[in-house]
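The values are calculated or read from the model by the stated rules, or taken from the named source; none is laboratory data. Just so it is clear, the structure is predicted and the values come from calculations on it, not from any experiment. Cβ placement follows ideal geometry from the backbone for every residue including glycine, while neighbour counts extend to all protein chains displayed.
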Amino acid sequence: MPTDRLKFDTPGLLSHFPLTDKITVPRPIQRDAMRALAEGKWLQQLPTGTGKTALEYAAASYALSKLEPGETVVWIAPSRAVVAQIKEEHPDVRVVFGQHDHVCPWAHEGFEEEPKNPVQRHELPVLAANPDVPRVDEVPYMFHKNCPHYVDQKTGQVKDPSAVPCPYYQQTYEAKKGGGIVVMTMSAYTYIMLFGNKQDGDVYQTAYGRVPVLIVDEAHQWPDVIRYTLSYTISNYHVSQAIALLERIHAPEAPILRRFLEAMNEIAHSEDRQPDREYLLEGDQIEKLLEILDEIEPGIIEGERRRAAIEAGHLKMPTDFRAVRDLERLTRDLRRYGHTMRFGIPVKNDDDEVIRRPLNYTCSFFQIKKGRERVEYLLRLHCHYVAGLIIKRLAPPTTLCFSATIGQNADHFRYETGLRLQMHSAPSPFPATNRRIMVPCDVDDLSRKQDMSGKKKRRTLRAIANGCARLAEQDIRSLVLLVSNKEREQCIAFCEQAGLEVVTYNGHMPAKEAARLFKDGQGQVLIGCMAHYGTGLDLPDGLAGALWLLRPGYPDPESAVAQFEQQRYGKGAWVRTRARVVLQTLQALGRNIRSKDCKGVSLLMSEGFRELVFHNLPPELQAHGVYIGDRDLEECLGEAEDLLVD
């Protein structure tokens, strides 16, 4: 089997470029990108609007033509929405969504052997839109193959021929036929490559065929998605629920898990800890938890013990399926907990000298108050250093990475991913005259050191609210991006005081739904945190002509991640943190400039942006007077009105 890197050539890429009725020839910027791929520049920075998806398809299709029968090109994206968009644009690709993205028809039928109202095929889209219908990942794996809707992964036959095929298992069966282009989320790909079955020790052999080629969309997000995918949260509530279930079926592991819970509570009360604040665990605390975990064998309720518990009536499918699934997850993840924890402890030699600092800041611990009385303890195991995993297990010999935001050089990307790829950076196709990026000369320094009391921040939030109100009088709508939820709540209050109609998310309104309402024309200002709206949100054609950023998104220096990086990297921690903040800011600046016809202004309301933004802008934006830093806020608002008011 070939393991060498493929070689691309421009004519071959052109022959596989997807042409449509509207796009009869590739654009010059796309031709330049294909020439760069042929030259071996496999890290491509292509701004929004350059036709990045079409280039990715051309590369995937060309690569597939060079592979052996049964080999697969995998194309990954950060979210399900992007995967669905790729499928819509290129119907010939096969997609793989996770269990959480598919409803379970059998659960909706109440796990009845002969349901009175069996699910019909036309009902599946309706059920998928209902958040109250259980998803496949909520149903214990032990139930899956007994399900009448189960699709045999070898034959494609439904267990009960009269039942609607399970949408999840039907999808996976289709994708497992081998060969072709398979599109999935970064998270799904991570699970498949790290935890899927391998043959003959070949790390690129999967249930979907051998994967010698990988195409990565929005590659700058890849390390963070892996970190999220491989990080775990253990709460005292869920451990207590697992213990209760184990005691109900008389499992001998219940006392061991109870000792683990006691150790969690002991750590929680070891110091005077503040609610909702992360605390980094010490090595001896981690070791104590590991000693207990090592006593628990994985697969606590597998096989005969599980069947016996069901037959004895200790477990009942209609009422206990979520509790059983939680226990399944807990027991499945025990080994992963231990693995992650061990990499959170420094390695020492016989002389007690540290020879390897922790790779993870796994094991931060904090408390969350629930109402007036209940306090929940959560143990979080954070994966941090993922470059080694990417190089050894996730990036096959031919890995092509595409992104709208890499930065002026690839140093940060290389450190985060471990991939040393040559970079091609395309200029923005949008007219520089259609945008302004402003740091008013009269804004405050909102850094923690310069604003300990928060007075300057409150004053700035009020100024943002008044500025949004002034622009709203000219029918200019605004997107306001904050760093913390507390800042978001303060901004909402100031905007409402200014008489603005605010759209935002809350406990009853998901962030995506709030954004949809704003896109549909509701409200004068959309308010959210960078984590929700700083990337992936498109507001073209004047939907939000003004973009406001309160301050750079530096982490709380007392947070677990900041403490860990300071311990691990020392002075180098600041360089890496700053690089992340620069990329986060550049991503946010593109929310309202999505095509050559878009006009937009960005108002950066902290002095801290001054040293971050200008020198990291693309050269074409530096040269055309897009950046403005010598005018006060009133003058900047006047400039915004001149640009945006027709």
Practice prompt. Give the residues of the range 150-178 that are under 30 Å from Ala58 (Cα atoms) and either among the acidic types (Asp, Glu) or in contact with a strand residue (DSSP E or B) (Cβ under 6 Å, 6 or more places away or on another chain) (or both), sorted by residue number.
Written response: Tyr169, Gln170, Tyr173, Glu174, Ala175, Gly178
Worksheet item: If you go through the range 383-400, how many residues are farther than 21 Å from Gln422 by Cβ and buried (at least 22 other Cβ atoms within 10 Å of the Cβ)?
Response: 2
Discussion item. Condition (residue is on the phi < 0 side of the Ramachandran plot and in a helix (DSSP H, G or I)) applied to the range 267-275: is it met by at least one residue?
Written reply: yes
Worksheet entry | Inter-residue pairs, beta-carbon under 6 Å, first touching a residue at least 60 places away in the same chain (Cβ under 8 Å) and in the range 619-641, second among the hydrophobic types (A, V, I, L, M, F, W, C) and part of a loop (DSSP other than H, G, I, E, B), 6+ apart | Gly629/Val439; Asp630/Cys441; Asp632/Cys441
Fill in: Any pair with Cβ under 9 angstrom, 6 or more apart, that starts in the range 444-457 at a residue that is in contact (Cβ under 8 Å) with a residue 60 or more places away in the chain and ends at one that is of a type in the set (Ser, Thr, Tyr) and part of a loop (DSSP other than H, G, I, E, B)
Asp444/Ser606; Asp445/Ser606; Leu446/Ser606; Ser447/Tyr554; Ser447/Ser606; Arg448/Tyr554; Lys457/Ser606
Practice prompt. Evaluate the range 552-560: report whether one residue or more is modelled with pLDDT under 90, surrounded by fewer than 16 Cβ atoms within 10 Å (Cβ to Cβ), among the aliphatic types (A, V, I, L, M) and not assigned by TED's automatic domain parsing to the domain that holds Arg356.
Written response: no
Response to the item:
Picking from Glu112, Glu174, the residue that is farther than 24 Å from Ile226 by Cα, part of a helix (DSSP H, G or I) and more than 21 Å from the chain's Cα centre (by Cα) would be Glu174
Discussion item. Looking only at the range 63-80, count every residue that is buried (at least 23 other Cβ atoms within 10 Å of the Cβ) and not hydrophobic (A, V, I, L, M, F, W, C) and tell me the total.
Written reply: 1
Worksheet entry | Qualifying position, being outside any helix (DSSP H, G or I) and assigned by TED's automatic domain parsing to the domain that holds Leu419, among Pro252, Pro212 | Pro212
Worksheet item: Restricting the search to the range 167-204, which residues are buried (at least 21 other Cβ atoms within 10 Å of the Cβ) and modelled with pLDDT under 85?
Response: Tyr204
Fill in: Within the range 411-458, considering residues that are among the aliphatic types (A, V, I, L, M) and either buried (at least 22 other Cβ atoms within 10 Å of the Cβ) or touching a helix residue (DSSP H, G or I) at 6+ places or on another chain (Cβ under 7 Å) (or both), the one modelled with the lowest pLDDT
Ala432
Fill in: Search result, residues across the range 395-447 that are more than 23 Å from His615 (Cβ to Cβ) and basic (Lys, Arg)
Arg420
Worksheet item: Only one of (1) surrounded by fewer than 18 Cβ atoms within 10 Å (Cβ to Cβ); (2) of a type in the set (A, V, I, L, M, F, W, C); (3) part of a strand (DSSP E or B) is not met by Ala263, so which one is it?
Response: (3)
Worksheet, complete the sentence: Condition set part of a helix (DSSP H, G or I) and in contact with a strand residue (DSSP E or B) (Cβ under 6 Å, 6 or more places away or on another chain), scope the range 601-638, selection surrounded by the most Cβ atoms within 10 Å (Cβ to Cβ): answer is Cys636
Response to the item:
Exactly one of Ile181, Ile215, Ile192 is among the aliphatic types (A, V, I, L, M) and within 27 Å of Gly407 (Cα to Cα), and that residue is Ile215
Practice prompt. Search the range 491-512 for residues that are over 23 Å from Asn466 (Cα atoms) and pair each with any residue that is buried (at least 19 other Cβ atoms within 10 Å of the Cβ) and hydroxyl-bearing (Ser, Thr, Tyr) when their beta-carbon atoms are under 9 Å apart and the residues are at least 6 apart or on different chains.
Written response: Ala511/Thr504; Ala511/Tyr505; Ala511/Tyr533; Lys512/Tyr505
Worksheet, complete the sentence: When the range 561-600 is checked residue by residue, the ones that are outside any helix (DSSP H, G or I) and touching a residue at least 40 places away in the same chain (Cβ under 8 Å) are Gly590, Arg591, Asn592, Ile593, Arg594, Ser595, Lys596, Asp597, Cys598, Lys599, Gly600
Practice prompt. Return the total of residues in the range 1-27 being without any contact (Cβ under 8 Å) to a residue 40 or more places away in the chain and within 28 Å of Gly418 (Cβ to Cβ).
Written response: 2
Practice prompt. Tell me, yes or no, whether the range 28-49 has at least one residue that is part of a loop (DSSP other than H, G, I, E, B), under 22 Å from Glu174 (Cα atoms) and in contact (Cβ under 8 Å) with a residue 40 or more places away in the chain.
Written response: no
Item to complete: Determine, yes or no, whether Glu39 is closer than 30 Å to Leu617 by Cα, surrounded by fewer than 16 Cβ atoms within 10 Å (Cβ to Cβ) and among the charged types (D, E, K, R).
Response: yes
Worksheet item: When residues of the range 382-430 are filtered for being outside any loop (DSSP other than H, G, I, E, B) and free of Cβ contacts under 8 Å to residues at least 60 places away in the same chain, how many remain?
Response: 3
Fill in: Residue within the range 215-227 that is more than 18 Å from Ile76 (Cα to Cα) and within 23 Å of the chain's Cα centre (by Cα) present
no
Practice prompt. For the range 45-61, state whether one or more residues are charged (D, E, K, R) and surrounded by fewer than 20 Cβ atoms within 10 Å (Cβ to Cβ).
Written response: no
